[in-house]
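What follows is a single structure, written as structure tokens, with notes after it.
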Amino acid sequence: MKRLSLTIMVVILAIVAIAQPQIKFDNATYDFGQIKEIDGKVTGRFEFTNIGNADLLLVKVAPGCGCTAANYTREAVPPGGRGFIDATYDPYNRPGAFHKNIRITTNEPAQSEPNAAPILIFIKGNVEKRPPTVYETAGYTEGSGTIRIKERFAKLETTNIKPIKHEVSIRNFSSKKSTIIPTNIPQYIKIETSFGKELGANEEGKITVTFDPIKKNEIGDSREILTFMTLDSIEPKVILFLDIKITEDFSTYTPEQIKKAPVLALSTTLINFGDQAKGSQSVQSVKILNNGKSPLVIRQVKPSSTMYTVVTDKTQIEPGGFAVLTVTFFAKNRGGQQPATIDIITNDPKNPTMNIKVEANIL
């Protein structure tokens, strides 16, 4: 009986060993040589043969950064049959030498092994930098239209009682004048321009933004998105993003007020969610304590990553009391370590901001 079982096993293994597809590329590297950025995308073709004894399928073709491989043989390739993978490289804003890989997954049995070596093909070459555009020469590198602002993103800091100004340059690169109309501007922001409402052809102007934190009446981080409508047919909306950090002004506090002030403390400054499966959800909590002599007001609680959400059961804590901060981790479809911080801003004059470090690992 043992001899019969052994014979059957040998036969099965022999069949499995025989009926296997196997991919073999004519060349595993495609050299584009010297290409010009100004000429745009280039495509190279990798051809392969199924040298195995069963139908071969390309299960997955995963290009590296800057490379695409949307066109490849999708039907089964019989033994001895031929197939291809087209690799396209976009040299835009990528001057200099490049060497990229494309990871291939097939239905070969060896590919299903946990520690199987990946099947890789490579593209390489050297990109000759294009001449700078009129926008780049003038320093207007952001945006795609003919009316642009020089810097679309700005970070500002102020206190809750001090208005702050920010100036940005705007230029009309077209041959026609255009209106520049701010839209949906909140009442705590004032817009002034050096050109009125109309910017002439090939003209540069200034936009001055004044942010009033007293009218905003919030403490913490604020993102303001300011939109200006133009007559540009390519990109009619010009958008300015302002990230403003507003801190509480404690400069007028007397020593006596400091003694009677709230004191922020945390039950822990580290939350570790450990290993989490993709798509799972996990919850932990932290106590926010008031060790001072007057009410502690929680101004803002903000995580640095969208993987985490936070909520407190109260926004004001009496002396000797505490609030519960609930932190939820959502393991989205990405893998690896997911570090972040949670900023807690209060009216503690000595320590208005404290941080909690959060960690998680998605399997």
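Looking at segment 128-143, can you tell me whether even one residue there is in contact with a Ser or Thr (Cβ under 9 Å, 6 or more places away or on another chain), assigned by TED's automatic domain parsing to the domain that holds Leu199, assigned to a loop (DSSP other than H, G, I, E, B) and buried (at least 17 other Cβ atoms within 10 Å of the Cβ)?
Yes, segment 128-143 contains at least one residue that is in contact with a Ser or Thr (Cβ under 9 Å, 6 or more places away or on another chain), assigned by TED's automatic domain parsing to the domain that holds Leu199, assigned to a loop (DSSP other than H, G, I, E, B) and buried (at least 17 other Cβ atoms within 10 Å of the Cβ).
Pick from segment 208-231 the residues that are in a loop (DSSP other than H, G, I, E, B) and modelled with pLDDT of 95 or more: which of them is nearest to Lys197 (Cα to Cα)?
Only one residue tops the list, namely Thr230.
Have a look at Glu108, Glu136 and point out the one that is farther than 30 Å from Leu240 by Cα and not hydrophobic (A, V, I, L, M, F, W, C).
Glu108
Go through Thr341, Thr326 for me and flag whichever is part of a strand (DSSP E or B), in contact (Cβ under 8 Å) with a residue 40 or more places away in the chain and surrounded by 13 or more Cβ atoms within 10 Å (Cβ to Cβ).
Thr326
Test of understanding: among Lys350, Lys293, which residue is in contact with a Pro (Cβ under 9 Å, 6 or more places away or on another chain), basic (Lys, Arg) and either buried (at least 20 other Cβ atoms within 10 Å of the Cβ) or assigned to a loop (DSSP other than H, G, I, E, B) (or both)?
Lys293
Name the residues in segment 182-239 that are in contact (Cβ under 8 Å) with a residue 40 or more places away in the chain and among the aromatic types (Phe, Trp, Tyr), would you?
Passing the criteria: Phe211, Phe228.
Identify the residue in segment 164-197 that is assigned to a loop (DSSP other than H, G, I, E, B) and surrounded by 16 or more Cβ atoms within 10 Å (Cβ to Cβ) and, among all such residues, is farthest from the chain's Cα centre (by Cα).
Phe195
Is it the case, given these coordinates, that Ile121 is assigned to a strand (DSSP E or B), β-branched (Val, Ile, Thr) and free of Cβ contacts under 8 Å to residues at least 60 places away in the same chain?
For Ile121, the condition - assigned to a strand (DSSP E or B), β-branched (Val, Ile, Thr) and free of Cβ contacts under 8 Å to residues at least 60 places away in the same chain - is not met.
Please verify whether Ala201 is over 27 Å from Gln187 (Cβ atoms), surrounded by 15 or more Cβ atoms within 10 Å (Cβ to Cβ) and of a type in the set (Gly, Ala, Ser), treating the condition exactly as stated.
no
Considering only segment 186-205, I want to know if a residue exists there that is basic (Lys, Arg) and at pLDDT 95 or above.
Checking segment 186-205: at least one residue is basic (Lys, Arg) and at pLDDT 95 or above.
Determine, yes or no, whether Ile102 is touching a residue at least 12 places away in the same chain (Cβ under 8 Å), under 30 Å from the mean Cα position of the chain (by Cα) and in a loop (DSSP other than H, G, I, E, B).
no
For residues in segment 204-259 being among the hydroxyl-bearing types (Ser, Thr, Tyr) and surrounded by 13 or more Cβ atoms within 10 Å (Cβ to Cβ), which is nearest to Arg148 (Cα to Cα)?
The selected residue is Thr230.
The values are calculated or read from the model by the stated rules, or taken from the named source; none is laboratory data. Note that the structure is predicted; figures quoted are calculated from it, not measured. Counting neighbours? That spans all protein chains shown, and the Cβs are built from the backbone with ideal geometry, glycine included.
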